[in-house]
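First comes the structure, then the notes that go with it.
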Amino acid sequence: MKTLALYLYLVIVPTAIAQAPGVTFVTIDVPGAGIGAAQGTSATAINMSGSIAGVYVDAGNVSHAFLRSPAGVIDTFDVEGAGTGPYEGTSAYAINKSGAIAGYYSDSSDVGHGFVRSKNGAISVFDVPDAGSGKYQGTYAFAINDRGVVTGYFVDSNGTFHGFVRSAKNVIATFDAPGTGLAEGTFAWGISDSGAVSGFYYDANYARHGFERSSQGDIITFDAPGAGTGNGEGTYASSMNTAGAVGGSYADTNLVFHGFVRSAKGKLTGFDVSTAGTGSGQGTFCEGIAPGGAVTGVFIDENSAVHGFVRSSKQVITTFDVPGAALGTFAGGINKAGEIVGKFEDAHEASHGFLRLP
């Protein structure tokens with residue numbers, strides 16, 4: 001759900017650009033993953049030791065979660081109660097230092113439920129008490145810190161989105177960012193080791209604004225300089241590292257996207273990949289931020305083709321395409337060592353996970 005929201009504007013066409021020297025790519029295909037359009041493997045997160053969490057979609061369009069060890073051993077799992085029909089199943093989106101995984105599953109009624117899988121494989125399921133039980137409502141977890149605290153959002157019975165934080169002892173707090181439009185809602189995506197949460201919210205004009213919620217529950221909002229204030233414009237905070245620095249993107253008044261990094265002290269710095277396009281829906285999208293401040297994500301060029309990039313803590317930007325990426329490279333997660341995970345799409349629109357080793 002997170003990745004899809006950023007790419008609604010895309011028209012993907014084949015392309016290739018030069019690779020950075022000395023870089024190694026490892027392709028990740030989970031046995032049982034489908035090979036058709038919208039099927040295949042996506043690596044969503046990587047921790048400090050190199051363990052990778054992700055999702056694969058089988059030939060029946062059912063989602064399943066996986067854990068890949070640093071040695072390349074893949075363990076797949078499904079949460080009990082996950083649906084087995086098309087577009088149902090289990091999705092893993094985050095992994096912490098110890099190897100605990102957070103995500104959600106969709107049941108046979110297309111209702112979402114959060115889960116945490118411990119490093120030993122035990123799975124705990126949870127629902128926010130105010131979450132709805134209708135189609136596409138429920139609880140969706142997207143981030144977990146090294147203390148086992150989880151964040152994400154839930155959809156209530158009216159279809160409105162709200163943020164939540166779940167402690168390691170299953171105590172759940174819910175919140176809404178100030179200024180949220182009545183029906184638009186609050187989306188939490190990242191969490192620091194202190195328990196601070198980042199994300200974005202929509203106002204009544206459907207413009208987006210970033211927010212940070214402290215571990216005590218205090219919420220501040222922020223906008224990137226140059227962010228638009230109209231429908232689909234504004235500031236999108238997509239990730240947070242262990243120290244509380246935030247990575248994200250913002251859309252200007254022409255719906256051109258730009259990346260940004262916001263330090264733990266609140267200093268916001270915008271940036272663009274030099275070869276990113278300047279048309280509507282094009283530009284730079286920051287998706288993941290590592291301890292130390294390096295970020296990764298995608299950029300869309302003037303031909304609307306999708307490529308990966310990494311921006312170092314010293315603000316040096318390197319672009320890349322995974323070999324075999326006929327229809328785009330989508331980078332999403334990065335660890336302290338600079339290892340990057342994501343997915344690429346082949347000529348048949350099937351996804352393959354990748355690990356980029358610096």
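Computed from the coordinates by the stated procedures, all read-outs in this text should not be read as laboratory data. All values reported here derive from a predicted model rather than from experimental measurement. Please note: Cβ atoms are built from the backbone with ideal geometry, for glycine as well, and neighbour counts cover all protein chains shown.
Summary of computed values
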| read-out | value |
| --- | --- |
| Cβ-defined net charge surrounding S351, 14 Å radius [Lys, Arg +1; Asp, Glu -1] | -4 |
| Highest-MSF residue in the chain out of D218, D301, D107 [GNM, Cα springs under 10 Å] | D218 |
| Under DSSP loop assignment and at most 13 Cβ neighbours within 10 Å, longest GluC sites (Glu not before Pro)-free interval of the chain | 81-301 |
| Built amide H within the under 5 Å cut-off of T186, gap 5+ | F161, H162, G163 |
| Those trypsin sites (Lys or Arg not before Pro) in the stretch 169-260 that DSSP places in a loop and that have at most 10 other beta carbons within 10 Å | K169 |
| Net charge of neighbours whose Cβ lies under 12 Å from the Cβ of G292, counting Lys and Arg as +1 and Asp and Glu as -1 | +3 |
| Whole-number percent relative contact order across the chain, with pairs defined as alpha carbons under 8 Å at least 6 apart | 15 |
| Relative intensity, log₁₀ I(q)/I(0), of the stretch 41-123 from a Debye sum that treats every alpha carbon as a point, q = 0.12, 0.15 Å⁻¹ | -0.30, -0.47 |
| ³J(HN,Hα) computed for each position of the stretch 164-173 - Karplus, 6.51 cos²θ - 1.76 cosθ + 1.60, integer Hz, glycine/proline x | 8, 10, 10, 6, 5, 9, 6, 8, 10, 10 |
| Spherically averaged projected area of the stretch 92-161 from its Cα convex hull (nm²) | 4.4 |
| Backbone HN-Hα couplings from phi across the stretch 199-209 [Karplus 6.51/-1.76/1.60, Hz, Gly and Pro as x] | x, 8, 9, 9, 8, 5, 9, 6, 8, 9, 9 |
| Binned Cα-Cα distance frequencies in the chain - 20 Å width, integer % | 33, 63, 4 |
| For the chain: lysine pairs under 28 Å (alpha-carbon distance), excluding those fewer than 8 apart on one chain | 27 |
